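Read through the structure below, which is laid out as structure tokens, and then see the notes.
Read-outs throughout are calculated quantities, based only on the coordinates presented, and are distinct from any laboratory measurement. Small disclaimer: the values here were computed from a predicted structure and weren't measured. Note: ideal-geometry Cβ built from the backbone for every residue, glycine included; neighbour counts use all protein chains shown.
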Amino acid sequence: MRHRFLAALLSALLAALPAAAPAQAACYADYKAKRDGPLRLHYGVIELPAAACDPAAAAPVIAARIRADGWVLLNVMSVFGPEGLNQRKASAGPYFLRY
């Protein structure tokens, strides 16, 4: 009797839990930035939250992160998934996933 009660209770608790959300795919962007005095430019690759996985939404996220080191975002070149990381790694150099 007690085992049936516990099994029913466990079933009810599990049914009350929200269904697990599917895992979000990783999102990345490549961008260009500058710093004045003297002028310096860099190309970087950055990981983004799922909510910022389009160029318009990515721009303020990237700008805020790089601003801490005195960089100004020039443009977001593209937004892509993990399949695009390897081809951009060498070009981004020290700015590959730095921010």
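When the residues of the stretch 72-97 are filtered to those that are charged (D, E, K, R) and over 13 Å from ALA29 (Cβ atoms), which remaining residue is surrounded by the most Cβ atoms within 10 Å (Cβ to Cβ)?
Of the residues in the stretch 72-97, the ones charged (D, E, K, R) are 83, 88-89.
Subsequent filtering for residues that are over 13 Å from ALA29 (Cβ atoms) retains 83, 89.
Working: GLU83: 10, LYS89: 12.
Per the stated criteria, the residue is LYS89.
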Within the stretch 52-71, the count of residues that are within 24 Å of GLN87 (Cα to Cα) and either among the aliphatic types (A, V, I, L, M) or loosely packed, with under 13 Cβ neighbours inside 10 Å (or both) comes to 9
Of the conditions (1) within 15 Å of TYR99 (Cβ to Cβ); (2) free of Cβ contacts under 8 Å to residues at least 12 places away in the same chain, the single one that ARG88 does not satisfy is (2)
